[in-house]
Amino acid sequence: MSKEQQLRFRGHGGNDEELVHRGDEESASLVGTGAMARAEIASVSAKAGPFGVKVGLGFDTGASAGLDGVEAKVLGTGFSVGPRTGVAVLGNEASCSVM
């Protein structure tokens, strides 16, 4: 398959120990800053070329801004604008990479 025809899938969940994925991210530099708290329950994602879709239940909350774009989410609902542009509603996401 050529690079444009690649199709990728990824899933989370499956056993009781990994059912809930949580994480915290903080970053600051001269070119950007941000903080994001991540919580996700069982998700599945697929990517075909520049397009990506994730279906699951997530409650990511936070914001970031820098040379690589802007992202803001509250309880899994929000947007990102930059090389990867997308929208999210309660952890379900649709995105498109322009780079």
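Nothing in this text is a laboratory measurement; each read-out follows from the coordinates by a stated rule. In this text the structure is predicted, and so the values were computed from the model without any measurement. In this analysis, Cβ positions are derived from the backbone assuming ideal geometry, glycine residues included, and neighbour counts consider all displayed protein chains.
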Taking K and R as +1 and D and E as -1, what net charge do the other residues with C-beta under 12 Å from the C-beta of residue 85 add up to? -2
Multiply the residue gap between residue 92 and residue 63 by 0.36 nm, knock off their C-alpha separation, and tell me the result in nm, one decimal place. 8.7 nm
